[in-house]
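To start, the structure under review is shown below, and the notes come after it.
The values are calculated or read from the model by the stated rules, or taken from the named source; none is laboratory data. What you see is a predicted model; the values in this text were computed from it and never measured. In this analysis, Cβ positions are derived from the backbone assuming ideal geometry, glycine residues included, and neighbour counts consider all displayed protein chains. Surface areas here come from the heavy atoms of the whole protein model, side chains and all, with no ligands, DNA or RNA. Shrake-Rupley method; radii C 1.70, N 1.55, O 1.52, S 1.80 Å.
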Amino acid sequence: TGSMIFDKQNSTIVSFVALPPTGEISYSGKADFNQNNTVTPQNPNFIDLDATFAIDALMELPIELQASNLTFKDTTAISGGDFDELESADLIIKAKNGIPLDVEVQLFFIDTISNNQFGFSKKLKVLTAAQVSGLGVITPTQTTQTLSLDATEMKSLQKANGIVFSGSLTSPSGGTGVASLYSDSMIDLNVVIKSKVKL
């Protein structure tokens with residue numbers, strides 16, 4: 001049993017990870033038999049019925065991310081008139097975060113044609129980073145957060161035909177730590193909307 005480390009000095013691993021891999025990784029090698037004994041007619045190489053030869057390869061490719069306020073934005077079209085009867089709304093987010101990243105989100109209410117902005121919500125930390133031990137073991141963090149829209153924010157929402165979801169990602173220790181992401185790293189997210197309606 002042995003291991004090999006590939007880095008940017010001895011391979012093109014940076015380009016390999018940037019592809020990203022398509023789900024199939026090919027590898028090749030060479031096996032030398034009788035390494036310590038020269039094969040001669042008097043000392044032949046032979047294979048019997050019980051002889052086996054097998055190679056298994058395991059590759060772990062964790063992605064390590066170090067970020068401080070890495071931002072992202074996404075715009076969703078809405079019909080503001082659908083919210084005319086609402087006085088307030090709470091977006092309740094229950095999350096189990098298996099990724100060591102803090103995530104903050106803020107909503108901006110806009111007109112997608114003129115790009116006018118009518119208002120915005122408060123910032124909310126929707127995900128708290130998973131805890132990572134000194135041995136690299138990840139323990140998911142469970143949180144419940146509520147993003148509340150008050151009457152003023154609801155008026156802005158009613159004028160809008162689009163919502164911009166603006167967020168930021170920060171790795172552990174305020175961005176000074178490294179977040180390792182594995183293939184089984186997951187976020188379980190449940191979202192509930194609680195609203196107050198004018199009758």
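Would you check if residue 137 is touching a residue at least 40 places away in the same chain (Cβ under 8 Å), β-branched (Val, Ile, Thr) and over 17 Å from residue 194 (Cα atoms)?
Details: touching a residue at least 40 places away in the same chain (Cβ under 8 Å): no; β-branched (Val, Ile, Thr): yes; over 17 Å from residue 194 (Cα atoms): yes.
No: the conditions fail for residue 137.
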Could you check residue 111 against (1) over 15 Å from the mean Cα position of the chain (by Cα); (2) of a type in the set (D, E, K, R); (3) modelled with pLDDT under 90 and say which number it fails?
(3)
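Which of the following residues is at pLDDT 90 or above and either open to solvent by 30 Å² or more (accessible area, probe 1.4 Å) or not in a loop (DSSP other than H, G, I, E, B) (or both): 142, 158? Quick ask: steps written out before the conclusion?
Values: 158 fails: at pLDDT 90 or above.
Matching residue, one of 142, 158: 142.
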Considering (1) open to solvent by 100 Å² or more (accessible area, probe 1.4 Å); (2) modelled with pLDDT under 80; (3) hydrophobic (A, V, I, L, M, F, W, C), say which one residue 51 fails and leave the rest.
(1)
Check the stretch 55-66 and report whether any residue there is modelled with pLDDT under 75, touching a helix residue (DSSP H, G or I) at 6+ places or on another chain (Cβ under 8 Å) and of a type in the set (Val, Ile, Thr).
yes
Residues located in the stretch 177-198, provided they are in contact with a Ser or Thr (Cβ under 8 Å, 6 or more places away or on another chain), open to solvent by 70 Å² or more (accessible area, probe 1.4 Å) and not in a strand (DSSP E or B)
178
